[in-house]
Amino acid sequence: MARPEVLDRIKEAETEADEIIAEAESDADERLAEARARADEIRAEAEEEAAAEAEARLESAREELEERREEILAEGRSDREALESTARERVDDAVDYAVERFEEAVKGQRAGE
């Protein structure tokens, strides 16, 4: 093979290599762009799922708090009713005690006359 032909073949091979490299770089850039886009999609999906999970947990906590609040209010009403009942039962005893003390005081004043 003559020298000019060899040089032409070398130039063709270099051109072909340059084209292959450019195509590979372009392909790599496309794949990288696709990977980044997919990563962004996955990140957005994960953020949405995390927000939904957080909202669900928050709602669950609110429901639990509301249930506990109702339990506490029910206990308070029950305690109040028990105290009112006990107070009503003791009213007669308190009146009797006050009358006795009053009578003792009156008797004490008469004795001191």
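With just the Cα atoms defining each centre, how far is the stretch 50-113 from the stretch 1-17? Give it in Å. Here the answer is 105 Å between Cα centres.
Taking 7 Å steps out from each Cα toward its Cβ at Glu48 and Glu66 produces label points 2.7 nm apart. Farthest toward the positive end of the dipole of the chain, out of Val95, Ser78, Ala54, is the Cα of Val95, where the dipole comes from beta carbon charges about the Cα centre. Compute the angle between helix 3-111 and the longest alpha-carbon principal axis of the chain, please, reported from 0 to 90 degrees and rounded to the nearest 10. The angle comes out near 0 degrees. When Rg and Dmax are taken over the Cα atoms of the stretch 47-113, they come to 28.1, 92 Å. Computed from the alpha carbon atoms alone, the convex hull of the chain holds 143 Å³ per residue.
Since every read-out is calculated from the coordinates, none of them should be taken as a lab result. Since the model is a prediction, treat every value here as computed from it, not as a measurement. A quick note on method: Cβ atoms are made from the backbone with ideal geometry, for glycine too, and the neighbour counts reach across all protein chains shown.
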